[in-house]
Amino acid sequence: MRSRLLLGILLPVGLLIGANAHRLHQDALRAIDTAYDRTLLASAKTIGEQLDVAGTPDAPKLISEVPYAALEAFEADNRSRMFYRVTGFDGEWVSGFDDLPAWHGKLPDRGAYAALVDFYDDVYHGEPVRVAVLKQPVAGAAGLGVATIQVAETLEIRRTLARQVLVSTLWRQAALLAVIAIVVWGVVLFATRPVRALSRAIAAREDDDVSPIPLPSVPVELAPLVAAINEAWDRQAGLLAHQKRFVRDTSHQLRTPLAVLKAQVQSARRGDLPAAQAIDEIGITVDGATALANQMLALAKVEQLRQQGDPPRLDFADTVREVALDLAPLIADAELDFDLSAEPAPVRGHAWALRELVRNLLHNALRHCPHGGKLAVVLRRRDGGIELRISDSGPGIAPALRPRLGQPFAAGPNGGSGLGLAICREIVASLGGTLALDNRERDGVIAGLDAVVRLPAAASTDTASS
């Protein structure tokens, strides 16, 4: 955060300072030129005051006897050199440096000075110079005319002064940048103290500590982040509790069939039972342990699917028909009077979870239905939702069993692991529905059990996802 903030502030400010320094250097050069041009004009006027006219009125001749020493007073700090040239009435060289390039320009229409003067840049002996040109009227006994006086000055002093102004300004602006950087660094360091404190507090927690962070102890700006962390930890706490319960129940429930299996193997080795009978008993124990392990894995998978977010849109009717078709051999063996009625029922759920739900409920119904009894499955829309009703003709639920109904490993009198209904309740809860198990009475006598699942109907605008 500090690096990005510093870059975001110092980069544009630095670019602005660079552009401003360039413009300042140009302005300084122009201001210095204006000031030192006065010196050049004064030098030209000094030379002009020394001019005279000799000869005859028919052939006047310009005379200039100005020694170069007369210009030394205008040289600043001996860091610049001055040159001059005087040109006569007819453009002839009169005095000064004869190799100084002659002026061929034009006087400005509106000059800055009350004189016929022009200023321009040129090169003399490979060195840049600033030149002032003065048109000086000269009158004498022999006649009158206009002389041209050029005074040139090298640019060392001008450039030195402009550079000093630039360096002085850059130093102040660099100090300003340093102050901005220090202030930004300090402000960010101060403003992020709560973040660092929160980071240290989280880092110091135990691996299994998912207790919520107290919101009153954090700044307002961090409250949404802390609330999101607390929500995530709450989900994590539920997942950890489920995993601990799963591991505890798994170790407890698998210990019994494994102990029975070990005893049966030892008995078979001793020859306590005929080999065929011993193998049959071992097979029954292995089948029971396998079914128990599958159910426990199914219970864990329900929690995994719950964490995957919004499930896809499916037709529950297709799932009910598929499971009924899979269990058709069991229904035929029991010679049940089976009735299936399933109308289109769009719901949002995972296909595996819906199949597991229907399969467990039908298995329970088949286990409790008497031979040749009745079993009905009805799927329909009701009260804005989807209702699945599985009605068997078994003995129903005993009052003593109802308080423990749906709890893991709470088996009924007919045996089983007690996980079937627990899996069904977890699936229904993950889909936002309800599961009810009600005895069906006729003339005051229990005639069977109705397992009723109610799920929210998927909206017609929902689209199926893969």
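Readers should treat all values here as calculations from the given coordinates under stated rules, not as data from a laboratory. What you see is a predicted model, and the numbers here were worked out from it, not measured in a lab. Because the Cβ atoms are built from the backbone with ideal geometry, glycine has one as well, and the counts that use them run over all protein chains shown.
Which ³J(HN,Hα) values, rounded to whole Hz and listed in residue order, are derived for the range 3-12 from phi using the Karplus coefficients 6.51, -1.76 and 1.60 in 6.51 cos²θ - 1.76 cosθ + 1.60 with θ = phi - 60°, glycine and proline given as x? The phi angles translate into 5, 5, 5, 4, 5, x, 8, 6, 5, x Hz.
What does the charge count near ARG380 come to, summing +1 for each Lys or Arg and -1 for each Asp or Glu among other residues with Cβ under 9 Å from its Cβ? Walk me through the numbers before you get to the answer.
Details: positive: ARG381, ARG382, ARG389; negative: GLU343, GLU387.
Local charge sum for ARG380: +1.
Can you give the local net charge around GLY88? Use residues other than it whose beta-carbon is closer than 15 angstrom to its beta-carbon, Lys and Arg +1, Asp and Glu -1.
Working: positive: LYS61, ARG85, LYS135; negative: ASP52, GLU65, ASP90, GLU92, ASP98.
Net of charged neighbours comes to -2.
3J(HN,Hα) along the range 142-155: 8, x, 8, x, 10, 9, 10, 10, 10, 10, 10, 9, 5, 9 Hz, from the Karplus curve 6.51 cos²θ - 1.76 cosθ + 1.60 with θ = phi - 60°, whole Hz, x for Gly and Pro. Phi angles across the range 385-396 convert, under the Karplus curve 6.51 cos²θ - 1.76 cosθ + 1.60 with θ = phi - 60°, into 3J(HN,Hα) values of x, 10, 10, 10, 10, 10, 10, 10, 10, x, x, x Hz, Gly and Pro given as x.
Annotation: extensible slack from ALA42 through GLU221 equals 57.5 nm (criterion: 0.36 nm per residue apart, minus Cα-Cα distance). Once backbone amide H atoms are built at 1.01 Å from N, VAL129 has ASP122, VAL123, TYR124 as its partners under 5 Å, excluding neighbours fewer than 5 places away on the same chain. For the pair GLU156 and ASP52, a Förster radius of 22 Å applied to the C-beta separation gives a FRET efficiency near 0.05, rounded to the nearest 0.05.
Taken over the range 2-164, the percentage of Cα pairs per 10 Å bin, counting from 0 up to the bin with the maximum distance, is 10, 32, 28, 13, 8, 5, 3, 1, 0. Cα gyration tensor of the range 138-242, axes a ≥ b ≥ c as square roots of the eigenvalues: rounded (a/c below 1.5), prolate (a/b > b/c) or oblate? Prolate is the answer for the range 138-242, as a/c is 1.5 or above and a/b outweighs b/c. Computed over neighbours whose Cβ is under 11 Å from that of ALA237, the net charge equals -2, Lys and Arg +1, Asp and Glu -1.
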